[in-house]
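Novice: Before we start, here is the structure in question, set down as structure tokens.
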There are 2 protein chains.
Amino acid sequence: MLDKLEYLLALSRERHFGHAAEACGVTQPTLSAGIKQLEETLGALLVQRGSRFIGFTAEGERTLDWARRIVGDSRAMREEISALRHGLTGQLRIAAIPTALAMVAQLTTPYRARHPEVRFTVLSRTSVEILTLLENLEIDAGVTYLDNEPLGRVNAVPLYQERYQLLTSPDAPLGNRDRVTWKEVSEVPLCLLTPDMQNRRIIDGLLRGAGGSAQPTLESDSMIVLFAHVRTGRWASVMPARLAETLGLTATIRAIPIVEPEAVHTIGLVVPPREPLTPLAAALVAEAKRLVATTDP
Amino acid sequence: MLDKLEYLLALSRERHFGHAAEACGVTQPTLSAGIKQLEETLGALLVQRGSRFIGFTAEGERTLDWARRIVGDSRAMREEISALRHGLTGQLRIAAIPTALAMVAQLTTPYRARHPEVRFTVLSRTSVEILTLLENLEIDAGVTYLDNEPLGRVNAVPLYQERYQLLTSPDAPLGNRDRVTWKEVSEVPLCLLTPDMQNRRIIDGLLRGAGGSAQPTLESDSMIVLFAHVRTGRWASVMPARLAETLGLTATIRAIPIVEPEAVHTIGLVVPPREPLTPLAAALVAEAKRLVATTDP
DNA sequence: TCAGAACGATAGAAATTTTCAATCGATGGA
DNA sequence: TCCATCGATTGAAAATTTCTATCGTTCTGA
């Protein structure tokens, strides 16, 4: 029965019987039969059948909610019992928005010192994707914006405040300034994240609010790409202050605070709203709290 | 896997492999193998093995916690999906302390009017047993004391206040009084519940507090037995006021309030601390809230 | 309009798992 | 010491699950 619920979860992720089957490591007929059996035991159609996958019925959506919960709990059980005997082991899957990727190391490093047997997977994802992945039990935790856009059902631990700086060469226009306004930034050609990223939407909003508009010369979904360009001294970008520090400022780049308004957004750790958490996730939350306790005051 | 967790729950109830197997409708080797398989997948011993069942290991106890939760959720899922299509159906299992048994009708009657397809099982149990049954998913709800003794992990809805009266013949000593004290009651031979009942312990406490002690001429675990004796006009008892009213006072019995102190205990509906509840249990909670809303103000 | 591809359902054979009856070994009480 | 009880073990039978192969629909694009 538990495996059938896993099938249902896979189907909701993939929206395709064949792909879901592959994700579960079974053949498509097996998954089809599993779903059908689930429908029979529950006495209700769960999937809208057409010539292909259409969607779930109302009963299917409710069952999905339960499946997430039950499957999540059964994994947490396995993890917890294993942790009782062998300490924390296994895979901890984290997804972070690109601007927060660098700070993940500040969580994983002390985590690993405490629990050397844990292996990490860190994915770069948009804030929207992170919430979906969390819902579907595909990651254990995320690092994303806590304010701004709707967050959905998660538990959150604030980590730090994101403030924005113009990264540019000292020789470029504005390069000699101590601070610049968003209005001024809006007139510079920038390297920015793609518009599906929340950071980009935030910056777009700030630029529009200053009466300008974003004119990105270059877009990417990778901060490395943006930073590499800025580092040549021939491009400019807007980045969170912490990120710029982490990546390392050189003689070719200056980081200039952007004011009017001095925008601030909160980044935090998000975990499923399950109680209790899996031991792996709980340890990450503990690490996050430790981190803010040592840096904040 | 889910069925193995059911085996584990049965084993914790029965504390006996053979009985647990019978309760699950399988043979003893099947249950033994199921438990063993659970131990293998979790990688830990769950049951302390001697020549017979001894108890659970620490890992076993944690697994039991999870099993209760997971099995409970999977039942709730089935129930909820069934309710979406056919309305509320199935069995609602309630246990109540003897002094509250009569009031259960005030919950089940409006419940049945609303959901005619639901069948009820109402058991008479001690307050301690009710909590165990709730824990082990053997009942859906209980009616018991909310104050006084430790309640454990449950959600509670207060139903009413229990106040105590002396039930006795008008001809008996104290039979002509408008009120009596606990001190006075302590000198009368009484019909009382057995000492495993919390109501009895409460009354014992009140009598001791008044400097007396209980001298029951007759003990029973059934209120019907007590009431039948009182009704002959030749015995006396102490009962909650509501119960006495429900059972019906006749010319042969007077119900006399007992004061000094005027003791009050809260009776309430208790359900598992699961969120969300099963639809059957949720409907009972709704009924309970409706009941107090119409009687209290 | 039609060929081809994609999708999910179905059928039947094969493999795996589950279950049970029978029995064993150990333990504890009479 | 004997006997009853308990849980583990074994091997055969039964049930189930899974897979391969294939079918019928429904789109897509020429």
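Novice: Please identify every one of the GluC sites (Glu not before Pro) in the stretch A:186-258 that sits in a loop by DSSP and has no more than 15 other beta carbons within 10 Å of its own beta carbon.
Specialist: A:Glu187
Novice: Would you mind getting me the FRET efficiency between A:Glu61 and A:Ala105? Use the beta-carbon distance for r and R0 = 51 Å, nearest 0.05. Show your work: numbers first, answer last.
Specialist: Numbers: r = 38 Å, r/R0 = 0.75.
Using R0 = 51 Å, I get an efficiency of 0.85.
Novice: Can I ask one more? Which of A:Thr89, A:Thr41, A:Thr121 moves the most in a Gaussian network model of chain A with Cα springs under 10 Å?
Specialist: Among A:Thr89, A:Thr41, A:Thr121, the largest GNM mean-square fluctuation belongs to A:Thr41.
Novice: Sequence neighbours fewer than 8 away in the same chain don't count; with that in mind, list the lysines whose C-alpha is under 28 Å from B:Lys36.
Specialist: A:Lys4, B:Lys4
Novice: Follow-up. Given H placed on each backbone N at 1.01 Å, which residues far from A:Ile139 in sequence or on other chains put an amide H within less than 5 Å of it?
Specialist: Close amide H contacts, sequence-distant or interchain: A:Leu134.
Novice: Tell me, what ³J(HN,Hα) does each residue in the stretch B:193-199 have, in order and in whole Hz, if you take phi through Karplus 6.51 cos²θ - 1.76 cosθ + 1.60 with θ = phi - 60° and put x for Gly and Pro?
Specialist: The phi angles translate into 5, 5, x, 6, 8, 5, 4 Hz.
Novice: Averaged over all directions, how much area does the convex hull of the C-alpha atoms of the protein assembly as shown cover when projected, in nm²? Walk me through the numbers before you get to the answer.
Specialist: Working: hull surface 149.1 nm².
Answer in nm², one decimal: 37.3.
Novice: Using a simple charge model, +1 on the beta-carbon of Lys and Arg, -1 on the beta-carbon of Asp and Glu, nothing else, what dipole does the protein assembly as shown show about its Cα centre, in debye to the nearest 20? Let's see the in-between values first.
Specialist: Details: 64 positive and 68 negative charges, 52 e Å.
It comes to approximately 260 debye.
Novice: Then there is this: Using a 7 Å offset from the Cα along the Cα-to-Cβ direction at both B:Leu45 and A:Arg112, what is the distance between the two label points in nm, to one decimal?
Specialist: 3.6
Novice: Per 0.36 nm of contour for each residue apart, how much would the distance between B:Met1 and B:Ile54 grow if the chain were fully extended, relative to their Cα-Cα spacing? Could the numbers behind the result be given before it?
Specialist: Working: separation 53, 0.36 × 53 = 19.08 nm, distance 2.35 nm.
Full extension from B:Met1 to B:Ile54 adds 16.7 nm.
Novice: Starting from the amide H of A:Thr266, placed 1.01 Å from N in the peptide plane, find each other amide H under 5 Å away whose residue is 5 or more places distant or on another chain.
Specialist: A:Leu146, A:Asp147, A:Glu162
Novice: On to the next question. State, to one decimal in nm, how far the label point of A:Thr266 lies from the label point of B:Asp178, with both points 7 Å from Cα in the Cβ direction.
Specialist: The modelled label-to-label distance comes out at 6.2 nm.
Novice: Something else now. Give, rounded to the nearest 20 debye, the magnitude of the charge dipole that the stretch A:2-79 has about its Cα centre when Lys and Arg contribute +1 at Cβ and Asp and Glu contribute -1 at Cβ.
Specialist: I would put it at about 120 debye.
Novice: Still on this structure: Considering the options B:Gln161, B:His86, B:Cys24, tell which one lies farthest towards the positive end of the dipole of the protein assembly as shown, charges being +1 on Lys and Arg and -1 on Asp and Glu at the Cβ, about the Cα centre.
Specialist: Of the listed residues, the answer is B:Cys24.
Novice: Which of the GluC sites (Glu not before Pro) found in the stretch A:119-170 are loop residues per DSSP with 10 or fewer other Cβ atoms within 10 Å of their Cβ?
Specialist: Working: sites: A:Glu129, A:Glu135, A:Glu138, A:Glu162; in loops: A:Glu138.
When the GluC sites (Glu not before Pro) of the stretch A:119-170 are filtered for loop state and at most 10 Cβ neighbours within 10 Å, nothing remains.
Novice: Then there is this: Report, to one decimal in Å, the Kirkwood hydrodynamic radius for the stretch B:84-201 based on all distinct Cα pairs. Could the numbers behind the result be given before it?
Specialist: Numbers: mean 1/r = 0.0595 Å⁻¹.
Hydrodynamic radius (Kirkwood, Cα only) of the stretch B:84-201 equals 16.8 Å.
Novice: Restricting attention to the stretch A:191-297, which trypsin sites (Lys or Arg not before Pro) occupy a DSSP loop and are surrounded by at most 13 other Cβ atoms within 10 Å?
Specialist: Values: sites: A:Arg200, A:Arg201, A:Arg208, A:Arg231, A:Arg234, A:Arg242, A:Arg254, A:Arg274, A:Lys289, A:Arg290; in loops: A:Arg234, A:Arg274.
Sparse-neighbourhood loop trypsin sites (Lys or Arg not before Pro): A:Arg234.
Novice: Another question, then. From the residues A:Gly60, A:Leu249, A:Thr41, which one has its Cα farthest along the dipole of chain A in the positive direction, the dipole being from +1 and -1 charges on Cβ of Lys/Arg and Asp/Glu about the Cα centre?
Specialist: Of the options given, the answer is A:Leu249.
Novice: Between A:Asn155 and residues 5 or more places away or on another chain, which pairs have amide H atoms under 5 Å apart, with H built 1.01 Å from N, and which residues are they?
Specialist: Correct list: A:Val271.
Novice: Let me have the 222 nm mean residue ellipticity of chain B computed from DSSP H runs of 4+ only, each contributing -39500 (n - 2.57), with the sum over all residues rounded to the nearest 500.
Specialist: On the way: 11 runs with 134 residues, N = 297.
That calculation yields -14000 deg cm²/dmol at 222 nm.
Novice: Give the average, rounded to an integer, of partner chain Cβ atoms located within 10 angstrom of each Cβ in A:61-68. Could you put the intermediate results ahead of the total?
Specialist: On the way: counts 0, 5, 5, 0, 3, 8, 3, 0.
For peptide A:61-68, the averaged partner shielding equals 3.
Novice: Given a Förster radius of 25 Å and the C-beta distance between A:Arg201 and A:Gln91 as r, what FRET efficiency does 1/(1 + (r/R0)^6) yield to the nearest 0.05?
Specialist: Values: r = 31 Å, r/R0 = 1.25.
After rounding, the FRET efficiency stands at 0.20.
Novice: Same structure again: Only bridges whose two residues both fall in the stretch A:128-274 count here: according to DSSP, what percent of them are antiparallel, nearest 5? Walk me through the numbers on the way to the answer.
Specialist: Details: 20 of 27 bridges.
Roughly 75 percent of the beta bridges in the stretch A:128-274 run antiparallel, per DSSP.
Novice: Next question. Distance in nm between label sites at B:Lys36 and A:Gln28, each 7 Å beyond Cα in the beta-carbon direction?
Specialist: Simple spin-label model gives 4.1 nm for this pair.
Novice: Looking at the stretch B:2-79 from every direction and averaging, what is the projected area of its Cα convex hull in nm²?
Specialist: 4.9
Novice: Also: For A:Arg234, project a label point 7 Å along Cα to C-beta. Then give me every residue of the stretch A:167-191 with its amide nitrogen under 17 Å of that point.
Specialist: A:168-173, A:189-191
Novice: What residue among B:His265, B:Val230, B:Val188 has its Cα farthest toward the positive end of the dipole of the stretch B:161-265, where the charges are +1 on Lys, Arg and -1 on Asp, Glu, each on the Cβ?
Specialist: Farthest towards the positive pole: B:Val230.
Novice: Also: For A:Glu219 and A:Arg153, what is the calculated FRET efficiency with R₀ set at 35 Å and r taken between the beta-carbons, to the nearest 0.05?
Specialist: On the way: r = 31 Å, r/R0 = 0.90.
So the FRET efficiency works out to roughly 0.65.
Novice: Compute the projected area of the convex hull of the Cα atoms of chain B, averaged over all viewing directions, and report it in nm² to one decimal place. Intermediate results must be reported in sequence, preceding the final value.
Specialist: Details: hull surface 73.5 nm².
So the Cα hull casts an average projection of 18.4 nm².
Novice: Also: Apply the Debye scattering formula to the stretch A:163-264, with a single equal point scatterer on each alpha-carbon and no solvent, then give log10 I(q)/I(0) at q = 0.13, 0.21, 0.22, 0.25 Å⁻¹.
Specialist: -0.37, -1.07, -1.19, -1.61
Novice: Starting from the Cα of B:Thr250, move 7 Å in the Cα-to-Cβ direction to define the label point; list residues of the stretch B:200-232 whose amide nitrogen is under 16 Å from there.
Specialist: Only B:224-232 fall inside the zone, counting backbone N under 16 Å.
Novice: Could you check what % of the DSSP bridge pairs in the protein assembly as shown are antiparallel, to the nearest 5?
Specialist: On the way: 46 of 80 bridges.
In the protein assembly as shown, DSSP labels about 60 percent of beta bridges as antiparallel.
Novice: Out of the total accessible area of the protein assembly as shown (probe 1.4 Å, heavy atoms of protein only), what percent is carbon and sulfur? Write out the running numbers ahead of the final one.
Specialist: Numbers: 13610 of 26550 Å².
Of all accessible area on the protein assembly as shown, carbon and sulfur atoms account for 51 percent.
The values are calculated or read from the model by the stated rules, or taken from the named source; none is laboratory data. It should be emphasised that the depicted structure is a prediction, and the values quoted were computed from it without experimental measurement. Cβ atoms come from the backbone with ideal geometry, glycine included; neighbour counts cover every protein chain shown. Keep in mind that these areas ignore ligands, DNA and RNA; they rest on the heavy atoms of the full protein, side chains included. Shrake-Rupley method; radii C 1.70, N 1.55, O 1.52, S 1.80 Å.
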